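Here's the structure, in structure tokens; my notes come after.
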Amino acid sequence: MAAPAHTMPAATGQAQTYGNYIGGEWRPAASGETFEDRSPANTDDLVGRFASSAKEDVEAAVAAAAEAADGWRRTSAVARANILHKAAEILASRQEQVGRELTREEGKTLKEGIGETGRAVQILRYFAGEAQQPSGEHYPSMNPLTLLYTVREPLGVVGVITPWNFPIAIPAWKIAPALAFGNTVVFKPASLTPLCAVRLVEALAEAGLPPGVLNLVTGSAGAVGDPLVRDPRIAGVTFTGSNAVGADLRKIAAETGAKLQLELGGKNPAIVLADADLDHALAHVVSGAMMSTGQKCTATSRAIVDRSIAAAFTERLVEKVKALKVGDPLQAETQIGPVISEDSAERIAGEVDAARQSGANLLAGGDRPSENGHGRGHFVAPTLFGDVDPASKLGQEELFGPVLGVIPVDGMDEALAVANTVRFGLSASLFTRDLGKALTFAREIQAGVVHVNSETPGAEPHVPFGGMKGSSSYSREQGKAARDFFTQTKTVYIDPPPA
Ligand code: ADP
């Protein structure tokens, strides 16, 4: 790929510097300041330098988005769809390179990095098609001569705030529908993964988005995120991240009146009943808990296992968890990369220690590997606890790392009660051959995404995604549900003039 236009000249071997994208131009932060982005697998590896923006950059981006809003709203859905299609093809042509950059920047394995980039392509294609689907309904009126219909119109300028754990897929699934349905966007990515954000914006910009329709502002939560959500010109905010930040955003949106969409944490259960195919359940529980180093909001963190098989199942889990290969995510044989940051690694290790000290039964992991050069990365060993008390912190709180707890239960009723006794409700799995129990589970589990005989993280991009209870703000993303958030309804009565 040719060097992007915004890359400042860099001596050979030096990291590149990337700007903000505002009003159709790549430019440095007004202050000229930058911040560093380093690989979590090896902190000697400087991925790039990015604009360290502040309120004035946010204001310029919101002004550009506000200025572009009328033109974009009036652009035909077909023209918008064509741009999304083209962006999809541009990104597809770079899938391997961007996937590799994703792995270098975020730390998930290369297979996952390339796979996630492919998912972003698929999302862009899906919303190109969705842009041309019906955008309203026709109703009979009390007056037979009245034309009575509804039409879904864009909100205006939307703020998109994204986390680091799916650094290209989550931005794509927020930005693609926002644009498809006629909104303009100010995008603030997580400051731990700004390169993926740049790559997505490049594809959309090169596909022909008019200036100001999509704006990227990189920088910290306080200096960029906060002024963005407080800006009175922002009509909607879509956010994926922690419950703590979500709680703050609820207060701010209550003051500004912006429409708000929150996708937050999970404490996702996988229930394994005695009649399940145990090989299959084991494979899905381990992969659901450990892939992406456990850093998915849909990751399995509780294996709720029928007591009659709990000992045997746990023994096999220990073997499988211990056999996972931790290391450089760019190496093909690696199964588990680092966690995102030293803060994260220390926090997880601290929680694991605290659990151990309060009597939890550590069966695998629990340490921070330092051999084979791991000392320069933020590595945490895949960790398994047995006999976890469902009411303990380990049984209740999201750790966002490669940590799984086994909770033995007596039968389906107790399994469901335990599964539901948490403040979250994002995703949940049941492993069984019993159709009746599968139906009961699908009916009774408090989760927005429900799996029978597959792992908790599975989420296809063309169906609604989101959680119940503390896991979201009752709205759903992706699929047809995306239109609900990114549009508002106008009801139109057209009567003929009196004859
Ligand atoms: P994570 O650590 O999973 O990324 P966070 O909730 O800390 O979760 O952050 C998610 C995104 O929200 C990031 O882009 C972050 O910079 C941004 N953010 C964090 N705090 C705020 C805030 N107070 N206002 C706006 N954005 C914020």
For this session: Looking at (1) more than 16 Å from the ligand (Cβ to nearest atom); (2) part of a loop (DSSP other than H, G, I, E, B); (3) under 19 Å from the mean Cα position of the chain (by Cα), find the lone condition where M291 falls short.
Result: (2)
Exercise. Which residues, taken from the stretch 246-258, are of a type in the set (D, E, K, R) and within 19 Å of the chain's Cα centre (by Cα)?
Worked result: D248, R250
For this session: List the number of the failed condition for T43; all other conditions in (1) in contact with a Gly (Cβ under 6 Å, 6 or more places away or on another chain); (2) in the same structural domain as T109 (by TED's automatic domain parsing); (3) at pLDDT below 95 hold.
Result: (1)
For this session: With the condition kept exactly as written, say whether any residue in the stretch 261-275 is out of contact with any strand residue (DSSP E or B) (no Cβ under 8 Å at 6 or more places or on another chain) and within 13 Å of the ligand (Cβ to nearest atom).
Result: no
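Here is a yes/no grid of residues against (1) under 25 Å from A312 (Cα atoms); (2) touching a Cys at 6+ places or on another chain (Cβ under 9 Å); (3) open to solvent by 40 Å² or more (accessible area, probe 1.4 Å):
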position	(1), (2), (3)
Q335	yes, no, yes
R376	no, no, yes
G386	yes, no, no
L404	yes, no, no
Exercise. So which residues in the stretch 332-361 are within 16 Å of the ligand (Cβ to nearest atom) and of a type in the set (D, E)?
Worked result: E342, D343, E346, E351
Exercise. Given V285, V318, which one is in a helix (DSSP H, G or I), buried (at least 21 other Cβ atoms within 10 Å of the Cβ) and either touching a residue at least 12 places away in the same chain (Cβ under 8 Å) or assigned by TED's automatic domain parsing to the domain that holds G448 (or both)?
Worked result: V285
For this session: Go through the stretch 247-266 and give me each residue that's open to solvent by 10 Å² or more (accessible area, probe 1.4 Å), in contact (Cβ under 8 Å) with a residue 40 or more places away in the chain and assigned to a loop (DSSP other than H, G, I, E, B).
Result: A258
For this session: Assess whether E397 counts as being open to solvent by 10 Å² or more (accessible area, probe 1.4 Å), closer than 26 Å to T314 by Cβ and among the charged types (D, E, K, R).
Result: yes
For this session: Using the structure shown, decide if T117 is in contact with an Asp or Glu (Cβ under 7 Å, 6 or more places away or on another chain) and more than 16 Å from the ligand (Cβ to nearest atom).
Result: no
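Could you pull out the residue among A197, A205, A244 that is more than 10 Å from the ligand (Cβ to nearest atom) and either at pLDDT below 95 or in a helix (DSSP H, G or I) (or both)?
Criteria check complete, one pass: A205.
Look at the stretch 208-225 and say how many of its residues are near the ligand (Cβ under 8 Å from one of its atoms) and part of a loop (DSSP other than H, G, I, E, B).
The total comes to 1.
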Exercise. Filtering the stretch 179-194 down to residues that are more than 16 Å from the ligand (Cβ to nearest atom) and assigned to a helix (DSSP H, G or I), which residue is nearest to A499 (Cα to Cα)?
Worked result: A180
Exercise. What do you reckon, is L228 near the ligand (Cβ under 10 Å from one of its atoms), open to solvent by less than 10 Å² (accessible area, probe 1.4 Å) and modelled with pLDDT of 95 or more?
Worked result: yes
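Tell me, which residue of the stretch 294-311 that is in contact (Cβ under 8 Å) with a residue 40 or more places away in the chain and either among the charged types (D, E, K, R) or over 12 Å from L404 (Cβ atoms) (or both) is most open to solvent (accessible area, probe 1.4 Å)?
So the residue we want is R307.
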Problem set entry | Residues that are part of a loop (DSSP other than H, G, I, E, B) and either at pLDDT 95 or above or small (G, A, S) (or both), drawn from the stretch 364-377 | G365, G366, S370, G373, G377
Exercise. Which residues, counting only those in the stretch 418-429, are under 12 Å from R302 (Cα atoms) and touching a strand residue (DSSP E or B) at 6+ places or on another chain (Cβ under 6 Å)?
Worked result: V418, A419, S427, A428, S429
Seminar exercise, completed: Filter the stretch 231-241 for residues that are near the ligand (Cβ under 9 Å from one of its atoms) and under 25 Å from G24 (Cα atoms); the one that is surrounded by the fewest Cβ atoms within 10 Å (Cβ to Cβ) is V237
For this session: Take S429 and decide whether it is modelled with pLDDT of 95 or more, within 26 Å of the chain's Cα centre (by Cα) and either closer than 15 Å to A270 by Cα or of a type in the set (S, T, N, Q) (or both).
Result: yes
For this session: May I ask you to verify whether S141 is touching a residue at least 60 places away in the same chain (Cβ under 8 Å), over 25 Å from V463 (Cα atoms) and more than 16 Å from the ligand (Cβ to nearest atom)?
Result: yes
Exercise. What is the residue count in the stretch 321-346 for residues that are part of a helix (DSSP H, G or I), touching a residue at least 40 places away in the same chain (Cβ under 8 Å) and either farther than 15 Å from S39 by Cβ or among the basic types (K, R) (or both)?
Worked result: 2
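The values are calculated or read from the model by the stated rules, or taken from the named source; none is laboratory data. The model shown is predicted, which means the values in this text are computed figures rather than measured ones. Because the Cβ atoms are built from the backbone with ideal geometry, glycine has one as well, and the counts that use them run over all protein chains shown. Surface accessibility is based on the protein's heavy atoms, side chains included, excluding ligands, DNA and RNA. Shrake-Rupley method; radii C 1.70, N 1.55, O 1.52, S 1.80 Å.
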